[in-house]
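Nothing in this text is a laboratory measurement; each read-out follows from the coordinates by a stated rule. The structure displayed is predicted, hence computed values, not measured ones. When we count neighbours, we look across all protein chains shown, and the Cβ atoms used for this are built from the backbone with ideal geometry, even at glycine.
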Amino acid sequence: MVTMAPGLRQVSKDLTHLVERSTVERLCKAVGHAWRKRPLDPYTTLHLFLLQMIHRNTAMTHLPHLSGERFTASAYCQARQRLPLELIRRRVDAVAKGFEKVRVPSAGHGPADVPALWHGHRLALLDGSGFSMPDAPEHQAHFGQPGRQKPGCGFPVAHLLALFDAQTGFLHDVVLSPLRTHDMKHAADLHPKRSPGDIIVGDRGFCSYAHLARISRANLHAVLRVHPRQIVSFHPHRLCADTIAGKGGRGGMGSLLGRLFGDLGHAVLIADVDTPLTPEEAARSADVI
């Protein structure tokens, strides 16, 4: 079972290295953040923020005991609010690249440790979830709440799309959306977070020809659960889908799929109301409709 324990151990071990003062100050300048010389400067605040998360989001009043620094919870809260979001994003991306070199203990045979790979590929887990938040008017307006809750009786709920590393449990990125957002909508937005050759693992909500085409175009692989109504032939001599026919292919979705499959090297036949090719002729000439 994948857990975040290996990642937490790695961060705890290299905490000082992950938040070097020179690196943090360089990133602050890069994002245009100016700061004053004070006890809770960006470097110290970011270090304390990581320390708080490593200790399971411990209380702010506990941080002075863990860090040996002297400050109040109010001062730390204000200092954390001053941190630019872009600074945290860039530091997380840098940490994520460092985790690509993480080595994990072997299963008791072979070398003492092995690269965090599966058959030479890194695995990424893609899944959606949700979480509630304080009942503020702006939250209600943007995220919405479950339909079964009466107005004024529930809390806003956001949709969360997350990308995890399967070996280390490291959370590479998340996309927040309104409650009634399908997992597929922003799945492709997380493809750039992976390296060529990586494998994306997901449930049936991510399994579609369009998504597989975009995964292939990004030089990635995928292991996705097929919908139970989809019949897949595993016969060794099954036909390859060299020619694909699209009925009503002049519309927005049809045009998108036509371009995607065309870029992948397939011959695409379009049959619509204003095309010489009829749907029956396209079906007879194509491997996949």
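Between residue 166 and residue 61, with labels modelled 7 Å along Cα→Cβ, what's the label distance in nm to one decimal, could you check?
Placing both labels 7 Å beyond Cα along the Cβ direction yields 4.5 nm.
Testing the spin-label approximation: label points 7 Å from Cα along Cα→Cβ at residue 54 and residue 185. State their distance in nm.
For residue 54 paired with residue 185, the spin-label model returns 3.7 nm.
Identify, among 197, 179, 169, the residue whose Cα sits farthest towards the positive end of the charge dipole of segment 157-202, taking +1 on the Cβ of Lys and Arg and -1 on the Cβ of Asp and Glu, with the dipole about the Cα centre.
The one lying farthest along the dipole's positive direction is 179.
Between segment 153-229 and segment 52-79, what is the separation of their alpha carbon centroids in Å?
Using only Cα atoms to place each centre, the spacing works out to 34 Å.
Sort 265-274, 66-75 for me by packing, meaning the mean count of neighbouring Cβ atoms within 10 Å per residue, highest on top.
265-274, 66-75
Can you work out the PRE-style zone for residue 225? Point 7 Å along Cα to Cβ, and I want the residues of segment 170-214 with backbone N under 12 Å.
202-207
Quick one: go through segment 172-189 and flag any residue whose amide nitrogen is under 14 Å from the point 7 Å out along the Cα-to-Cβ line of residue 217.
What the label zone holds, given the 14 Å backbone N cut-off, is 187-189.
Around residue 167, which amide H atoms from residues at least 5 apart in sequence, or from another chain, sit under 5 Å from its own amide H, with H modelled in the peptide plane?
123
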